[in-house]
Amino acid sequence: MYDFSPLIDSLSAWLNQTFSPFWAGFISMVLLGVALLAFYAVLGLYLVYAERKICARMQNRLGPNRVGPGGLFQTIADLIKLLMKELIYIRNADNLLFNIAPFIVIVASIMAIGSIPFAKGLQAIDLNIGVLYILAISSMGVIGVLIAGWASNSKYSVIGAMRSGAQVISYELSVGLALLCIIAYAGSMQLSEIIASQQDGWWIFKGHIPAWIAFVIYLIAGTAETNRGPFDLAEAESELTAGFHTEYSGIKFAFFFLAEYMNMFIIAAIATTLFLGGWLPFHIWHFDAFNRIMDYIPPVIWFFAKTAFVIYLMMWFKWTFPRLRIDQLLALEWKYLLPINLMNLIVIAFLILMQWHF
Amino acid sequence: MEETLMDLDLKEKEEYIINMGPQHPSTHGVLRFETCLQGEKVKWIRPHCGYIHRGIEKMSEALTYPQLVHLTDRMDYLSAHINNEAVALCVENAMGVEVSDRVKYIRTILAELTRLASHQLWWSAFGMDLGALTTFFYGLRDREKILDIFEESTGARLLQSFITPGGLMNDVHPNFQKRTKEFVKYFRKKLPEYDQLLTGNVIFQERTKGIGYMSLEDAISYGVTGPSGRGSGFHCDIRKIAPYSAYPLVKFNEITYTQGDTFHRYLVRMREMWESLDIIDQLVDNIPQGPTMLELKAVKPPKGEFYQRVETARGELGVYIVSDGGPTPARIRYRTPNFSNLFIINKIASGHKIADLVAISGSLDLVIPDIDR
């Protein structure tokens, strides 16, 4: 009902008619880039706002409430402040790498956003290896973190970066394997096809218990991959002051900050797409009237509601759990999550082989 | 790149040394841990103090006894009442006078409220050290209520200077009894929340159990007192072994554990909060009437040496006064608990991870101005 592809198709048809193929491609790319950047910035700011409000709620506080109604413009004011702040140059830092690092981090997360399907047809690029692409791109961010830690020439930063490297490389495995479970169910890596395969039920419902296990592992590993609490060892402000971005100031710090929130969004969006049916509405078997009403809610709203739910889960455990220690963090991954995940994958392969899934 | 002094130092020693502090979020003040790391592991720690040395002992030599009480607030600012009480008791004993029962009761209630407020703040900060930021707001929410009681009676929230040689600065506010009772009732309900949020948490227990083991021998030989020492089974509660003020009149338990790790130092404080509530319960209903200040001609202890020790929220505070019979002390010396508690950190934290160092120093509950005086 709410299909965006005719709109997108007619736009590109008009572009192709009006301009030569080169310029048509160029203009569509610029349009996409601008749209994604604007989306990225606004969403990032409002995720920060949401986090501040949610954590305030959990801590018996009010949170931002002065700038704009309910503090809605607080994060925008913060961004303006960060934009105008002085960029401090570190004398003994490796200047080239020091300046590049925040851009690597933020570019990686912008690129990953491009292939997330927000609604039918509302997807910048629908690659046939979409899941692999997102995994590959989002793990590029850790290179930025490592470079930032190394180039700052600060001892705290190096420890933070090394922790982050060890952590992301380990948890990458669990993220990949958890997603592999759903890929095995759906039989495709293309995000639009994975969603199409959930037309008659989300994978978390169709996939028996293994899908639940995969979902939980994905949430844990995904949180760890974004360096968020209780796995925020790379920043660990109680021991490393601010970890890898200790020496950054102004807008470069803001880039790291924004990228963290957008990575959280990406993790939640992938969870939504693979486990929770993406932009598909919630249906109950044989409740036709109910299903009809659900269909009236636009898919974009479905997508963002599900993503918001996953993000809320991640914020919830950030604000209630203490931080793990580095050896416990790695033990959790290598001793528990990875073996469970591998077993889970074998079980799923067996289920699929016997045609026992719905 | 030009070589800094630290680079040269590094080359000499070939060690990876980081300075935690003087400005660092987990040292709770201007303390510096010179920490030698091997990867994530702490090889040794050298604590450096003196960044907030104000010469309180020397300054006190120029002040009269009622005046120098004000400086004791600034040592362990979270146990201000108890510090005041230590000096007051020492001077009173030296002069051979005894304050009225009313003063004793009020002093004890104030001391226990102070201990509660201090342990609440410690709990908040300890959670933060471990990365659980929410604890901070829970602890401070309840601490506000105690500070409100203090503010009403003494006019100050943190550095009250309320207890003075000879009694109290003035009588407590008429609401004092009522509000204290209200608070005890309120906090009995809130204290289980603390356990729900932190104590039972798997990550928290993993982070603290078996970390920073301090044996009883170490605790005694380093002079670690207070909850930190009692976590190792050191019976060092001055309220029990040398009772003062109204402590002989109340029933309470001295909490000790023999495990001696971070988790049990934590448990000692958590259970001490319950004991403090019990002590207040026993006293607050029957505060006797009486004068709040002795009629003293002059506060002049006789010539001689006097010592008095009390139990602050962090351990044993000793006051040693050498008097030449004048209105000011010839020499005054404080045996502060944090100074002794600090230096065991190298012994119990080396060999652990850097994150454990933060947890261990949090479990010792250091207040830095008390170390430097």
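The values are calculated or read from the model by the stated rules, or taken from the named source; none is laboratory data. Just so it is clear, the structure is predicted and the values come from calculations on it, not from any experiment. Neighbour counts are summed over all protein chains in view; Cβ atoms, including those assigned to glycine, are modelled from backbone coordinates with ideal geometry.
Do the conditions hold for B:Val310, that is, is it out of contact with any Gly (no Cβ under 9 Å at 6 or more places or on another chain), more than 14 Å from every other protein chain (Cβ to nearest Cβ), at pLDDT 85 or above and crowded, with 22+ Cβ neighbours inside 10 Å?
no
From the list A:Ala268, A:Ala289, pick out the single residue that is of a type in the set (Gly, Ala, Ser) and under 19 Å from A:Ile182 (Cβ atoms).
Of the residues listed, the single one that is of a type in the set (Gly, Ala, Ser) and under 19 Å from A:Ile182 (Cβ atoms) is A:Ala268.
Restricting attention to the range A:326-358, report how many residues are charged (D, E, K, R) and touching a residue at least 60 places away in the same chain (Cβ under 8 Å).
1
If the Cβ limit is 7 Å and pairs must be 6+ apart or interchain, which residue in the range B:10-28 that is within 21 Å of B:Gly131 (Cβ to Cβ) pairs with which residue that is at pLDDT below 80 and among the acidic types (Asp, Glu)?
B:Pro25/A:Glu237; B:Ser26/A:Glu239
Exactly one of these conditions fails for A:Val216: (1) out of contact with any Asp or Glu (no Cβ under 8 Å at 6 or more places or on another chain); (2) touching a residue at least 40 places away in the same chain (Cβ under 8 Å); (3) farther than 30 Å from A:Asn95 by Cβ. Give me its number.
(2)
Of (1) at pLDDT below 85; (2) more than 10 Å from chain A (Cβ to nearest Cβ); (3) farther than 30 Å from B:Asn83 by Cβ; (4) within 30 Å of the chain's Cα centre (by Cα), B:Gly21 satisfies all except one. Which?
(3)
Would you point out the residue of the range A:239-269, among those that are within 14 Å of chain B (Cβ to nearest Cβ), surrounded by 24 or more Cβ atoms within 10 Å (Cβ to Cβ) and not charged (D, E, K, R), that is farthest from A:Ile195 (Cα to Cα)?
A:Leu240
Do the conditions hold for B:Lys303, that is, is it in contact with an Asp or Glu (Cβ under 7 Å, 6 or more places away or on another chain), more than 30 Å from B:Lys178 (Cβ to Cβ) and either surrounded by fewer than 17 Cβ atoms within 10 Å (Cβ to Cβ) or modelled with pLDDT of 85 or more (or both)?
When the stated conditions are applied, B:Lys303 passes them.
Of all residues in the range B:39-93, count the ones that are free of Cβ contacts under 8 Å to residues at least 60 places away in the same chain and crowded, with 19+ Cβ neighbours inside 10 Å.
The qualifying residues number 1.
Just need a number here: residues in the range A:52-67 that are in a loop (DSSP other than H, G, I, E, B) and within 12 Å of chain B (Cβ to nearest Cβ).
Summing the residues that are in a loop (DSSP other than H, G, I, E, B) and within 12 Å of chain B (Cβ to nearest Cβ) in the range A:52-67 gives 5.
Being within 14 Å of another protein chain (Cβ to nearest Cβ) and surrounded by fewer than 24 Cβ atoms within 10 Å (Cβ to Cβ): is that true of A:Asp200 here?
Criteria not met by A:Asp200.
Check off (1) more than 22 Å from B:Thr199 (Cα to Cα); (2) within 14 Å of chain A (Cβ to nearest Cβ); (3) in contact with a Ser or Thr (Cβ under 8 Å, 6 or more places away or on another chain) for B:Gly351 and give me the number that stays unchecked.
It is condition (3) that B:Gly351 fails.
Can you give me the ranges of the helices (runs of 4 or more DSSP H) entirely in the range A:191-250 with at least 1 residues that are of a type in the set (Gly, Ala, Ser)?
In the range A:191-250, the matching helices (runs of 4 or more DSSP H) lie at A:191-196, A:208-225, A:237-240.
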